[in-house]
Amino acid sequence: MMSFGVAIAAYTAQNFGAQKFERIHDGVKKTIWMSCSFSLVAAAFNIFFGADIIKLFVGEGQQQIIEYGQLFLTVNGLAYWIMALMFVFRFTLQGLGQALIPTFAGAVELVMRIIAAVVLVEYWGYLGACLAAPMAWIGATIPMGVAFYITHKKMKNLYTEDD
């Protein structure tokens, strides 16, 4: 999913330089659709075949490890679409030359992981640890989504003025 983000960063930067703001909007919409679709396929793969893949590494006799691994893959897989949005927003903003919000979002990711490690693990054990990454993705996606929305509104005003 990160590859979708890297691709949209280059696409965004090129079109931003060419002042093709409507193309950026269309590219971001299509990238969100593709990356979220891919994330749903990856999530389904994790949920339905995760235990079988884990067994390839640990063998059949490690049932508790397989169950823990499957829980991790399921929890994270269900949140892959959030990670997909996070990567699209992060790399789009970077392609537009905005570094502050993605950097701030990275700090939010870290704080969310710390909260999960300290608080959620205390109350929910291993499930709390499994929730660390999805919490981090949510925490990072929110400020970047807001920043993208604001930036998109500004760009939309620019490309509607050109009509």
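The table for this structure:
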| read-out | value |
| --- | --- |
| Among (1) crowded, with 19+ Cβ neighbours inside 10 Å; (2) of a type in the set (A, V, I, L, M); (3) at pLDDT 95 or above, the one test that A116 misses | (3) |
| Residues that are touching a residue at least 60 places away in the same chain (Cβ under 8 Å) and not hydrophobic (A, V, I, L, M, F, W, C), drawn from the stretch 74-119 | Y80, R90, T92, Q94, G95, G97 |
| Every residue from the stretch 1-47 that is assigned to a helix (DSSP H, G or I), exposed (fewer than 15 other Cβ atoms within 10 Å of the Cβ) and of a type in the set (G, A, S) | S3, A10, G17, S37, A44 |
| L71 being of a type in the set (A, V, I, L, M) and touching a residue at least 40 places away in the same chain (Cβ under 8 Å) | yes |
| G59 buried (at least 19 other Cβ atoms within 10 Å of the Cβ) and either farther than 23 Å from E109 by Cβ or without any contact (Cβ under 8 Å) to a residue 60 or more places away in the chain (or both) | no |
| Test result for V28, among the β-branched types (V, I, T) and farther than 30 Å from N157 by Cα | no |
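The values are calculated or read from the model by the stated rules, or taken from the named source; none is laboratory data. It should be emphasised that the depicted structure is a prediction, and the values quoted were computed from it without experimental measurement. Heads up, the Cβs are rebuilt from the backbone with ideal geometry, glycines too, and the neighbour counts pull from every protein chain shown.
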